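Written out below as structure tokens is the structure these notes cover.
Just so you know, all these numbers are worked out from the coordinates, no wet-lab data involved. Please read all numbers here as calculations on a predicted model, not as lab measurements. FYI the Cβ positions are ideal-geometry reconstructions off the backbone, even for glycines, and counts take in every protein chain you see.
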Amino acid sequence: MASDKELTDFLKSIDKRAFKRTVYTVRDEDAALDIVQDAMIRLAEKYADRPAAELPLLFQRILSNATMDWFRRRKVRQAVEQSLSDFDGPDGSDGGDFDLLELLETAEGSLGSESAADTVGREQILLAIEQEVAQLPTRQREAFLLRYWEELDVAETASVMGCSEGSVKTHCSRAVHALAKSLKAKGIAP
């Protein structure tokens with residue numbers, strides 16, 4: 001059974017990564033924050049009695065389910081709004097911005113001692129990567145982020161995504177090839 005301190009430490013260690021992963025998926029910072037908070041609350045309420053070693057996979061599964069629930073609710077909401085808009089006229093809004101540069105910050109919170117040109121170049125490359133990751137199909141993006149962002153292995157990713165290990169490998173392979181092709185077309189080589 002995980003102690004309160006272990007649960008708190010775990011939640012503190014994954015909050016920013018979970019938020020950024022969710023922002024990539026839903027493309028709305030406010031919704032991403034709500035989804036991550038809901039997932040953390042569910043973990044604390046329903047699975048606090050589990051061993052600390054089980055918390056990472058449980059949380060990833062809860063977060064994926066919460067994200068899918070958000071998409072389902074949004075689909076219903078949009079259908080209702082579309083029906084109402086027949087009477088009121090069209091209305092829409094777009095998501096917020098996301099800053100991938102935060103990933104470069106060191107533990108002390110600075111970018112280190114690189115030149116301004118290096119910093120600008122890195123910023124441009126990261127922006128290009130961010131844009132390309134956002135363009136991936138949903139399942140490819142999810143598999144890519146879980147494997148390479150969250151550093152889960154294939155079996156863990158399959159468990160979180162609710163699919164076979166072969167599907168994870170296929171989604172990751174397609175994502176990596178699509179990213180490599182699109183970034184190479186922009187002049188960004190590994």
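Listed by chain and number, the lysines whose C-alpha is less than 18 Å from the C-alpha of K20, apart from same-chain residues fewer than 8 away, are K12.
In this rough spin-label picture, where each label sits 7 Å from Cα along the Cβ direction, the Q37-R72 distance is 2.2 nm. Compute the label zone of K5 within the range 23-42: residues whose backbone N is under 17 Å from the point 7 Å along Cα-to-Cβ. Backbone N within reach: none found.
Under the simplified labelling scheme, the K12-A116 pair shows an inter-label distance of 3.8 nm, with each label point 7 Å from Cα along Cα→Cβ.
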